[in-house]
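> Can you read through this structure? Questions will come right after.
None of the figures in this text is laboratory data; all of them are computed from the coordinates on show. It should be emphasised that the depicted structure is a prediction, and the values quoted were computed from it without experimental measurement. Quick reminder, even Gly has a Cβ in these numbers, built from the backbone with ideal geometry, and neighbours come from all protein chains shown.
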Amino acid sequence: MLTLLEIVKRTTDFFSKREIESPRLNAELVVAHALGLGRMQLYLQFERLLEDAELERIRPLVRRRGQREPLAYVLGTAAFHDLVLRVDPRVLVPRPETEQLIEALEEFGPPMPRRILDLGTGSGAIALALAKRHPEAEVVAVDASDAALEVARANAVDAGLEGRVEFRHSDWYSAVPESEQFDWIAGNPPYLTEEEWGSAEPEVRLHEPRSALVAADEGCADLLEIVSGARVRMAPGGILFLETGVDQHPRLIAAMEAAGFAEARSHRDWSGRDRFVSARRPV
């Protein structure tokens, strides 16, 4: 029989050989999840001998992570702001950078949004975070994937936000009439190029939904479609805020200005990388 600590050490070594980043942390999280323990409980039980039935619960999760399946998929959840979201291969794993989109949008957008549109909601991360932080606002979230919308709706229920967000099946604006007006329009659309996709980590390239990551026209096709349809659906003074790729900002800012937006600009993320673009509809 092996102790819990020995299993954690063996799992760490296995993950290291598979070139998994932070192998000890991953090992602790996977083993703790398999046993239904928190990390502090895990530490307090390191000398405990494990039963065969417990090892059988651990092995398949370790195997999945060893095949470079994203940790969030193995655990079944991901944290986003103060939400814990269900995630699986139907949706992208929410990134810390997208959390910054929420904060930057609140900094530059009108302070009291009445209506918010989240384009390409996926797990519902952006829409649900904004609905929780702005209970007075009406939030609409769209996605072209019915499977992703199933996940988003389940997350709304889990977060106690059922009925606070209207989820629609929509290929960008196909189910959003021009007569609708929003104070904030936000999104994290596909923006990777084919080259970036080909060089991505196995967690991304082999497991996450490609359609939510890769766009045509050097990664700009979906971003440009969003920009072109945003102004007519935006209330005067409203703001458009999008997560983007590395080299796309000059082209996107030019497209925003051509569409009649004002104050088109880039925003950097915590690492100093140009990550977001925003623009405002003139009052």
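> Assuming R0 = 25 Å, what is the FRET efficiency of residue 107 and residue 200, from their Cβ-Cβ distance, to the nearest 0.05?
On the way: r = 30 Å, r/R0 = 1.19.
After rounding to 0.05, the efficiency reads 0.25.
> Using a Gaussian network model of the chain whose springs link C-alpha atoms within less than 10 Å, name the residue from 22, 170, 228 with the highest mean-square fluctuation.
Answer for the Gaussian network model of the chain: 22.
> Continuing with the same structure: Counting other C-beta atoms within 10 Å, which of 81, 169 has the fewest, and how do the rest follow?
Going from least to most buried by this count: 169, 81.
> Something else: Between residue 47 and residue 19, take the C-beta separation as r, use R0 = 25 Å, and let me know the FRET efficiency to the nearest 0.05.
Efficiency for this residue pair is about 0.25.
> Mind putting a number on the dipole of the chain about its Cα centre? Charges go on the C-beta only, +1 for Lys and Arg and -1 for Asp and Glu, and I need it in Debye to the nearest 20.
Using Cβ point charges on Lys, Arg, Asp and Glu, the chain gives about 460 debye.
> Mean-square fluctuation check for the chain, GNM, Cα pairs under 10 Å: which of 62, 246, 142 is largest?
Of 62, 246, 142, the Gaussian network model singles out 246 as fluctuating most.
> Test of understanding: ordering 274, 222 by Cβ neighbours within 10 Å, fewest first, what list do you get?
In order of increasing Cβ crowding within 10 Å: 274, 222.
> Alpha carbon centre of segment 76-143 versus segment 209-264: separation in Å?
Value for the Cα centre distance between the two parts: 18 Å.
> Calculated from DSSP H runs of 4 or more alone, at -39500 (n - 2.57) each and per residue, what is the 222 nm mean residue ellipticity of the chain, nearest 500?
Result for the chain: -12000 deg cm²/dmol, rounded to the nearest 500.
> Further question: Have a look at 123, 179, 16 and tell me which one the Gaussian network model of the chain (Cα, springs below 10 Å) gives the largest fluctuation.
Maximum among the listed residues: 179.
> Report, for the chain, the % of DSSP beta bridges that are antiparallel, rounded to 5.
45
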